[in-house]
Amino acid sequence: MTMQRYNNIGMSTLAIGSVMNYAKELPISKVILILPIITHRELLSYLSRKTTQIRSIEKLIIDRTVCFANFNRRFNDNMCLSINSIQFLNDIETISITNSMIKLKTTIEYDKSMGEGLNKIYNSAENIAHILNDNVENLYLNLRIEL
C-alpha cells in the first residue's frame, strides 16, 4: 500500500474515527499514531485479520519487525494529514477535543460502498485501539519516534 493511496482526508478521517469507535477517548499524542500504522500494507493486512490478537506493542514489533523499520518517517509524513483529519472530525462534531484529549461523540460505520481499502482499515481498528492502550511514552519509545 503506497502512501499515495491513503493520503487523503476521507481515508484518514475514517481510519481515526474507526479506531475511536473502540477507544472512545485518546490523547492527541496517540491518535497521530494511527495513520503511520495503516500506511504499511503488510501491517494493515495483519491487523485487519479476524484471527490477529495483539498482546503488546513489544510483541507486535518483534513478530513484525519489518513493518516498523520506517515508522518514524511514516509518522512525520502523516503528521499534517493526521492533524487535518482530527480537525475535520472536530468540525463535523464527530469528536470533541478538551485538554489534548479526543473523545468520540458519534460512531463511524463502514458501508460496503466505501470500498475494500476502507474495509481493511475498519477491520483493523479494534487491534489498533488495543495497541494504543499502552502508555504513550512506551509507544513512542518502542516505535522509535524522534521528536
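Overview of values
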| quantity | calculated |
| --- | --- |
| Within the range 91-129, tally of residues that are more than 14 Å from TYR46 (Cα to Cα) and not in a loop (DSSP other than H, G, I, E, B) | 15 |
| Criterion violated by ILE95 - all others in (1) surrounded by fewer than 15 Cβ atoms within 10 Å (Cβ to Cβ); (2) touching a strand residue (DSSP E or B) at 6+ places or on another chain (Cβ under 7 Å); (3) of a type outside the set (Gly, Ala, Ser) satisfied | (1) |
| Set ILE83, ILE121, ILE34, ILE131: member being surrounded by fewer than 18 Cβ atoms within 10 Å (Cβ to Cβ) and in contact (Cβ under 8 Å) with a residue 40 or more places away in the chain | ILE83 |
| In the range 134-147, residue modelled with the lowest pLDDT [restricted to those that are part of a loop (DSSP other than H, G, I, E, B) and surrounded by fewer than 18 Cβ atoms within 10 Å (Cβ to Cβ)] | LEU147 |
| ILE86 being in contact with a Leu (Cβ under 7 Å, 6 or more places away or on another chain) and under 16 Å from SER18 (Cβ atoms) | no |
| Checklist (1) exposed (fewer than 15 other Cβ atoms within 10 Å of the Cβ); (2) in contact with an Asp or Glu (Cβ under 9 Å, 6 or more places away or on another chain) applied to SER113, failing item | (2) |
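One line per residue, one yes/no per condition, for (1) closer than 22 Å to TYR110 by Cα; (2) part of a helix (DSSP H, G or I); (3) polar (S, T, N, Q):
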{"site": "SER29", "(1), (2), (3)": "no, yes, yes"}
{"site": "LEU35", "(1), (2), (3)": "yes, yes, no"}
{"site": "SER45", "(1), (2), (3)": "yes, yes, yes"}
{"site": "THR52", "(1), (2), (3)": "yes, no, yes"}
{"site": "ARG55", "(1), (2), (3)": "no, no, no"}
{"site": "CYS67", "(1), (2), (3)": "no, yes, no"}
{"site": "ARG74", "(1), (2), (3)": "no, yes, no"}
{"site": "SER82", "(1), (2), (3)": "yes, yes, yes"}
{"site": "ILE86", "(1), (2), (3)": "yes, yes, no"}
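The values are calculated or read from the model by the stated rules, or taken from the named source; none is laboratory data. The structure presented is a predicted model; accordingly, all values stated were derived computationally and were not measured. Positions of Cβ are generated from backbone atoms using ideal geometry, with glycine treated the same way; all protein chains shown enter the neighbour counts.
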